[in-house]
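Below is one structure, written out as structure tokens, with a few remarks after it.
The values are calculated or read from the model by the stated rules, or taken from the named source; none is laboratory data. From a predicted model like this one, the values you see are computed outputs, not experimental measurements. Backbone-built Cβ (ideal geometry, glycine too); neighbour counts: all protein chains shown. The area values use the complete protein model at the heavy-atom level, side chains included, leaving out ligands, DNA and RNA. Shrake-Rupley method; radii C 1.70, N 1.55, O 1.52, S 1.80 Å.
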Amino acid sequence: MTHQVPLYINGEFFESSSTKKTQVINPANQEVLAECPISTQKEMESAFETAKAAQKLWKDVPLPERARYFLKFQALIKKHQKEIAELLCKENGKIFADGMGDVWRGVEVVEHAANISSLMMGETVENVSRNIDTYSLQQPLGVCAGITPFNFPGMIPLWQYPMAIACGNSFILKPSERVPLSVMRIVELFHESGFPKGLLNVIHGGKESVDFLLEHPEVRTISFVGSVPVAKYIYQKGCENLKRVQAFAGAKNHMIVMPDANKDQTVSNLVGASCGAAGQRCMAISVAVLVGEAKKWIPEIQKGIANLKVGEWNQDEASLGPVITQQSKERIHSLIEQGVKEGATLLIDGRKVTPIGDAKGNYVGPSLFNNVTTEMSIYKEEIFGPVLCLMTADSLEEAIEIINNNPYGNGTSIFTSSGAAARKFQNKIDVGQVGINIPIPVPLPFFSFTGSRGSFFGDQHAYGKQAVKFYTQTKTITTRWFDDSMSAESNPNMTINLG
């Protein structure tokens, strides 16, 4: 019998009574790994009532005691990291190194949750008026919810419920029905950590489950990571129902390559950042803007991408695995064909890839386009596959203008040995996360993970009448400073958070 993915409600794992199910398929070989239920209305209501009751007791648990639960939780995840990563790779398709990294970035958030006490301190001012003092308190909201995507089954759920629970809330998680196995294994470790029953509840399903969370009057917050259309829907509907919503959406991340950058290091970073994890990450570099003489490096970029091998998670020679579904593969193939029709030069055609071993998977080989313009479909659309587009610019100013005119603003980077160019870039660029000699500037948990324009719907947008506009935004900049040899090993990273 096919493995049935359980629900987790009130501290118990049990099989759903629903007759509606979706298959969990290994994208590398089409093996059916499990069946995931679509939770019934009764099961979702039970998850909420359980979470509501648990939160009333949990909010009074002292902060140091909460932290001890998370210390045990992170130790268990570390202990079982390889096992979780293997499950993750089978259901998602990532190679093992990427799977291990996915889990580890989640561990870092759990460690941050264990340090929650310092983040929960309020403010005090004496004599705001004569003989009147004022102080503020950080208090939990209640029942929170999260909706997570397929591409980081370990990390993204761990972005959400550990921090919410550490702050005194309870949580309902709706993971992607395509990749529930690694999520549920981590939830088993959460359960083993001894947390009180009902603090974390896991339901499964599609739009019906999402709408339940968005429409329930007592679910206070929604956190989402996924595509632009769904992010807009969740943000608008959540705001209309008076919820706090953060919705991370699509991306079209650019890397500027200056001619004074270290060529070998820059090319290596660009190849990995564009094609790693089969391009299925919101921080992938999908466009490289070559400034001035850097356009002469195209042969080296082409060689680097051509050397990447495609295969299953446990094949040591593989640099990347398959994309998540056959439909994703077909969509990427279609966009590659459209790029050719619109006049881009296809230097490497990933549609003709020969994978290592089993060829039945959803494999798309690394692809490289040159002479890409901003009017082309491959530039305007998020491909979410291992496809890199090359553009050229005569100056840094022109390259910055290209990026700032793009509808997305998730992540960007520049490779240069010039401090003046780096400073101009970080001050003029309108993108949430900025890397300087760092290809994918994902910050650690104690910094903001942010975005701008079409990549993030939250404080800065107002789709519903009740949404509140804020007039500042956060830009997180991660910088690697190099000596004259540009050695990454001998120089630490420095992260600056600009409010």
Whether any residue in the range 429-443 is over 25 Å from residue 227 (Cα atoms), open to solvent by 50 Å² or more (accessible area, probe 1.4 Å), more than 15 Å from the chain's Cα centre (by Cα) and not aliphatic (A, V, I, L, M) is what I want to check.
no
Does the range 379-388 contain any residue that is in a loop (DSSP other than H, G, I, E, B), in contact with a Cys (Cβ under 6 Å, 6 or more places away or on another chain) and more than 16 Å from residue 227 (Cα to Cα)?
yes
Test: residue in the range 172-181 that is closer than 23 Å to residue 64 by Cα and either of a type outside the set (Lys, Arg) or part of a helix (DSSP H, G or I) (or both):
no
Residue list for the range 401-420, filter: open to solvent by 10 Å² or more (accessible area, probe 1.4 Å) and touching a residue at least 60 places away in the same chain (Cβ under 8 Å):
402, 407, 408, 417, 418
On the basis of being crowded, with 23+ Cβ neighbours inside 10 Å, in contact with a strand residue (DSSP E or B) (Cβ under 6 Å, 6 or more places away or on another chain) and at pLDDT below 95, does residue 278 make the cut?
yes
Given the structure, is residue 356 part of a loop (DSSP other than H, G, I, E, B) and aliphatic (A, V, I, L, M)?
yes
State all residues of the range 281-297 that are touching a residue at least 60 places away in the same chain (Cβ under 8 Å), within 18 Å of residue 396 (Cα to Cα) and open to solvent by 10 Å² or more (accessible area, probe 1.4 Å); if no residue qualifies, say none.
292, 295
Restricting to the range 17-38, what's the tally of residues that are touching a helix residue (DSSP H, G or I) at 6+ places or on another chain (Cβ under 6 Å) and of a type in the set (S, T, N, Q)?
1
Which numbered condition residue 146 misses (of (1) out of contact with any Gly (no Cβ under 8 Å at 6 or more places or on another chain); (2) surrounded by 15 or more Cβ atoms within 10 Å (Cβ to Cβ); (3) assigned to a helix (DSSP H, G or I)):
(3)
Which members of the range 389-423 meet the condition of being of a type outside the set (Val, Ile, Thr) and assigned to a helix (DSSP H, G or I)?
396, 397, 398, 399, 401, 404, 405, 419, 420, 421, 422, 423
So residue 312, is it assigned to a loop (DSSP other than H, G, I, E, B) and either touching a residue at least 24 places away in the same chain (Cβ under 8 Å) or surrounded by fewer than 16 Cβ atoms within 10 Å (Cβ to Cβ) (or both):
yes
Verdict on residue 141 being outside any helix (DSSP H, G or I), of a type in the set (A, V, I, L, M) and in contact with a Pro (Cβ under 9 Å, 6 or more places away or on another chain):
no
Of the criteria (1) surrounded by fewer than 16 Cβ atoms within 10 Å (Cβ to Cβ); (2) at pLDDT below 90, which one residue 450 fails:
(1)
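In the range 201-223, what residues are among the hydrophobic types (A, V, I, L, M, F, W, C) and open to solvent by 10 Å² or more (accessible area, probe 1.4 Å)?
Of the residues in the range 201-223, the ones among the hydrophobic types (A, V, I, L, M, F, W, C) are 202-203, 210, 212-214, 219, 222.
Within the range 201-223, 210, 212 meet the criteria.
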Within the range 334-380, restricting attention to residues that are free of Cβ contacts under 8 Å to residues at least 60 places away in the same chain and acidic (Asp, Glu), which residue is farthest from residue 283 (Cα to Cα)?
342
Looking for something within 23 Å of residue 268 (Cα to Cα), under 22 Å from the mean Cα position of the chain (by Cα), modelled with pLDDT of 95 or more and in a helix (DSSP H, G or I) - is there at least one such residue anywhere in the range 361-378?
yes
Enumeration of residues in the range 1-28 that are open to solvent by 40 Å² or more (accessible area, probe 1.4 Å), within 26 Å of residue 321 (Cβ to Cβ) and over 24 Å from the mean Cα position of the chain (by Cα):
2, 3, 21
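Determine whether residue 277 is touching a residue at least 12 places away in the same chain (Cβ under 8 Å), in contact with a helix residue (DSSP H, G or I) (Cβ under 7 Å, 6 or more places away or on another chain) and not charged (D, E, K, R). Let's see the steps before the verdict.
On the way: touching a residue at least 12 places away in the same chain (Cβ under 8 Å): yes; in contact with a helix residue (DSSP H, G or I) (Cβ under 7 Å, 6 or more places away or on another chain): yes; not charged (D, E, K, R): yes.
So residue 277 passes the test.
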What are the residues in the range 183-200 that are under 16 Å from residue 68 (Cα atoms), part of a helix (DSSP H, G or I) and open to solvent by 10 Å² or more (accessible area, probe 1.4 Å), if any?
191, 192
Please verify whether residue 106 is assigned to a strand (DSSP E or B), at pLDDT 90 or above and either closer than 26 Å to residue 281 by Cβ or more than 24 Å from the chain's Cα centre (by Cα) (or both), treating the condition exactly as stated.
no
